[in-house]
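K.L.:
What follows is a single structure, and I will ask about it in a moment.
Coordinate-derived values only; no laboratory data. Quantities reported herein were computed from a predicted structural model and do not represent experimental measurements. Cβ placement follows ideal geometry from the backbone for every residue including glycine, while neighbour counts extend to all protein chains displayed.
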Amino acid sequence: MIAHQIFSRGLQATLLGLLLAITAPAQDAGSGSTRQSPPEAAPPTGGSIYVPVPESVPAPVLQVQQWVAGSPLTLEQLKGKVVLLDMFQIICPGCHAAHPHIVKMQQRYGREGLQVIGLAVAFEHQASQTPDRIQAYVKRNQFNFPVAIDRKLTATFESYGARGTPYVALLDRQGRLRHLDFYRPEVVEGIVEDLLKESE
């Protein structure tokens, strides 16, 4: 499996240091889209795939150009829920493969407190990823969660330091960033289950 990696410039220094020290190196994400990863990423230093509470940081805010599905939301409004931020491109085969699983997770864990937010980004072939096409993709894939288009197509994406698509950020009930990586169903679902069990 091959991922499309990108070099991210918008990651805050604190968040970058945290993630390079704790999270696993970028791994294959199906036939996704990637830019080049930071060249000197440190190896992971702990047994946990996600960020423990003492080392977690507040998640960057969503910067939205427009909402194409569902009601507008902010991360502040979603405190008390576990949030899965799904950063995707409609031209990304890895995203196409990931979305049925993400839809099923929202259906399965929504009553327990999971809220998925889809964030359409475009760091390549922007002309082919118009709002109308994004909206058609969302409708065709029967998304059961709100979906927004990123401001300037990459503003939030870069603020999170995402390295490609499909990329996912997981926030705990306090709005803290606990996981950031390419989307891997078995890893993400396990962390979602753990975060849902944590108390507020």
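K.L.:
Among the residues of the range 144-157, are any under 17 Å from the mean Cα position of the chain (by Cα), over 22 Å from V61 (Cβ atoms), part of a loop (DSSP other than H, G, I, E, B) and not hydrophobic (A, V, I, L, M, F, W, C)?
P.N.:
Scanning the range 144-157, I find at least one residue that is under 17 Å from the mean Cα position of the chain (by Cα), over 22 Å from V61 (Cβ atoms), part of a loop (DSSP other than H, G, I, E, B) and not hydrophobic (A, V, I, L, M, F, W, C), so the answer is yes.
K.L.:
Considering each residue of the range 133-158, count those that are among the polar types (S, T, N, Q), surrounded by fewer than 21 Cβ atoms within 10 Å (Cβ to Cβ) and on the phi < 0 side of the Ramachandran plot, and give that number. Give the steps one after another, and end with the answer.
P.N.:
Applying the first criterion (among the polar types (S, T, N, Q)) to the range 133-158 yields 135, 141-142, 144, 154, 156.
If we keep only those that are surrounded by fewer than 21 Cβ atoms within 10 Å (Cβ to Cβ) too, we end up with 135, 141-142, 144, 154.
Applying the additional criterion that residues be on the phi < 0 side of the Ramachandran plot yields 135, 141, 144, 154.
So the answer is 4.
K.L.:
Scanning for something surrounded by 21 or more Cβ atoms within 10 Å (Cβ to Cβ) and outside any loop (DSSP other than H, G, I, E, B), does the range 56-66 turn up at least one residue?
P.N.:
No, the conditions are met nowhere in the range 56-66.
K.L.:
Given the structure, is E76 acidic (D, E) and closer than 19 Å to V188 by Cα?
P.N.:
On the way: acidic (D, E): yes; closer than 19 Å to V188 by Cα: no.
Taking the combined requirement at face value, the residue does not satisfy it.
K.L.:
Next question. Test of understanding: among D150, D194, D132, which residue is over 14 Å from K81 (Cα atoms) and out of contact with any Ser or Thr (no Cβ under 6 Å at 6 or more places or on another chain)? Full working, then the answer.
P.N.:
On the way: D150 fails: out of contact with any Ser or Thr (no Cβ under 6 Å at 6 or more places or on another chain); D194 fails: over 14 Å from K81 (Cα atoms).
Answer to the check: D132.
K.L.:
Taking only the range 72-101 into account, find how many residues are in contact with a Gly (Cβ under 8 Å, 6 or more places away or on another chain), in a strand (DSSP E or B) and either free of Cβ contacts under 8 Å to residues at least 40 places away in the same chain or not β-branched (V, I, T) (or both).
P.N.:
Matching residues across the range 72-101 total 2.
K.L.:
Acidic (D, E) and closer than 21 Å to E55 by Cα: does that describe D181?
P.N.:
yes
K.L.:
So which residues in the range 102-132 are part of a helix (DSSP H, G or I) and either surrounded by 17 or more Cβ atoms within 10 Å (Cβ to Cβ) or β-branched (V, I, T) (or both)?
P.N.:
Residues of the range 102-132 that are part of a helix (DSSP H, G or I), as a first pass: 102-112, 126-128, 131-132.
I102, V103, M105, Q106, Y109, listed by residue number.
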